[in-house]
Amino acid sequence: MQIIHSIDEMQCLSEKLRKGGSKIGFVPTMGYLHKGHLSLVDLLKEQTDTVILSIFVNPIQFGKGEDLEKYPIDLDGDMKLCQERGVDIVFIPEGVEMYRKGHSTLIQEEKVSQGLCGKTRPSHFQGVTTICAKLFNICQPHTVALGQKDAQQVVVLKRMILDLNFPIEVVVGDIFRENDGLAMSSRNSYLTSEQRRDALFINRSLRAGQELVGQGVLNGETIMQAVISTLRQAKSIRLDYVEVVDRNTMEPKQEIIPNQSMIVLAVWIDKVRLIDNLIL
């Protein structure tokens with residue numbers, strides 16, 4: 001396993017691999033890896049010749065007052081997991097090189113990114129699209145693997161890839177959950193034991209909505225109310241949003257279309273913001 005910090009070195013190696021006929025798979029991450037990230041590596045190992053995983057806590061996708069300064073970091077643990085999983089190259093760029101003095105170019109997706117998380121975090125997706133465009137140009141992947149937990153981010157990046165003509169295929173990995181049903185997330189490490197118990201109502205609320213669909217209820221508002229009612233049983237949860245949307249466009253929908261509609265939500269547990277979703 002190679003560990004690369006230099007942008008020029010990574011870009012040169014990517015070019016060499018492509019010229020040599022190697023199909024490159026890429027997993028962009030902010031580190032503090034868990035089974036969800038590693039499952040994306042597994043997906044790419046089945047489809048590509050070389051797997052690159054990047055670790056970079058991207059400052060421009062954090063808004064004012066968010067958790068940039070305390071975002072969890074465990075590079076030693078990440079390296080061990082990457083080695084065990086068979087990652088070929090780990091790219092860990094330095095912030096001063098990724099955003100050189102005078103950096104003034106940003107990429108903004110104008111439609112998918114505007115609702116849901118985009119309302120609460122108005123600069124977030126601009127930071128995501130900008131850093132991913134940079135990473136795509138540096139690592140030059142044929143295939144990128146993204147996680148379904150970040151459902152809106154997946155659609156935003158697919159839109160950017162299409163609109164800006166990146167020659168990249170996107171594969172999406174399933175949500176990985178803890179044994180108690182909580183979606184795996186680096187931010188779960190912030191939770192106290194009491195907050196963690198309340199966080200379990202997130203998955204329970206999604207399942208409550210799914211159960212209604214299984215009973216033949218296809219009204220989006222009814223589904224959302226069932227989700228909200230379940231979430232309100234947890235004392236420390238504050239709602240950001242709950243919506244039924246089209247999984248391909250993230251547009252709100254009034255009626256459920258099986259396998260096309262999705263419940264998406266974001267909540268605050270005290271000062272910790274968590275997201276989750278479920279395809280209906």
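Annotations for the structure displayed:
- Of all the listed residues (LEU43, LEU17), the sole one being surrounded by 15 or more Cβ atoms within 10 Å (Cβ to Cβ), more than 27 Å from LEU106 (Cα to Cα), more than 21 Å from the chain's Cα centre (by Cα) and not charged (D, E, K, R) is LEU17.
- Within region 138-160, being within 22 Å of GLN114 (Cα to Cα) and either part of a strand (DSSP E or B) or not basic (Lys, Arg) (or both) holds for LEU146, GLY147, GLN148, ASP150, ALA151, GLN152, GLN153, VAL154, VAL155, VAL156, LEU157, MET160.
- Number of residues in region 57-69 that are among the charged types (D, E, K, R) and touching a residue at least 12 places away in the same chain (Cβ under 8 Å) equals 2.
- Which listed residue is buried (at least 19 other Cβ atoms within 10 Å of the Cβ) and out of contact with any helix residue (DSSP H, G or I) (no Cβ under 8 Å at 6 or more places or on another chain), from ALA151, ALA199: ALA151
- Of all residues making up region 181-239, the number that are over 20 Å from the mean Cα position of the chain (by Cα) and among the hydroxyl-bearing types (Ser, Thr, Tyr): 7
- Tally of residues being buried (at least 17 other Cβ atoms within 10 Å of the Cβ) and either charged (D, E, K, R) or touching a Pro at 6+ places or on another chain (Cβ under 6 Å) (or both) across region 65-112: 4
- When we screen GLY102, GLY115 for residues that are over 15 Å from the mean Cα position of the chain (by Cα) and at positive phi, the only hit is GLY102.
- Any chance ASP174 is within 30 Å of CYS139 (Cα to Cα) and in contact with a Ser or Thr (Cβ under 8 Å, 6 or more places away or on another chain): yes
- Here the strands (runs of 3 or more DSSP E) wholly within region 161-280 that include at least 1 residues being of a type in the set (Asp, Glu) and touching a residue at least 60 places away in the same chain (Cβ under 8 Å) are 237-246, 272-279.
- Beta carbons closer than 6 Å, at least 6 apart along the sequence or on distinct chains, pair a first residue in region 74-96 that is closer than 12 Å to VAL57 by Cβ with a second that is surrounded by fewer than 17 Cβ atoms within 10 Å (Cβ to Cβ) for ILE92/HIS5.
Values in this text are rule-based calculations from the coordinates and carry no lab data. Because the structure is a prediction, the values reported are computed rather than measured. Quick reminder, even Gly has a Cβ in these numbers, built from the backbone with ideal geometry, and neighbours come from all protein chains shown.
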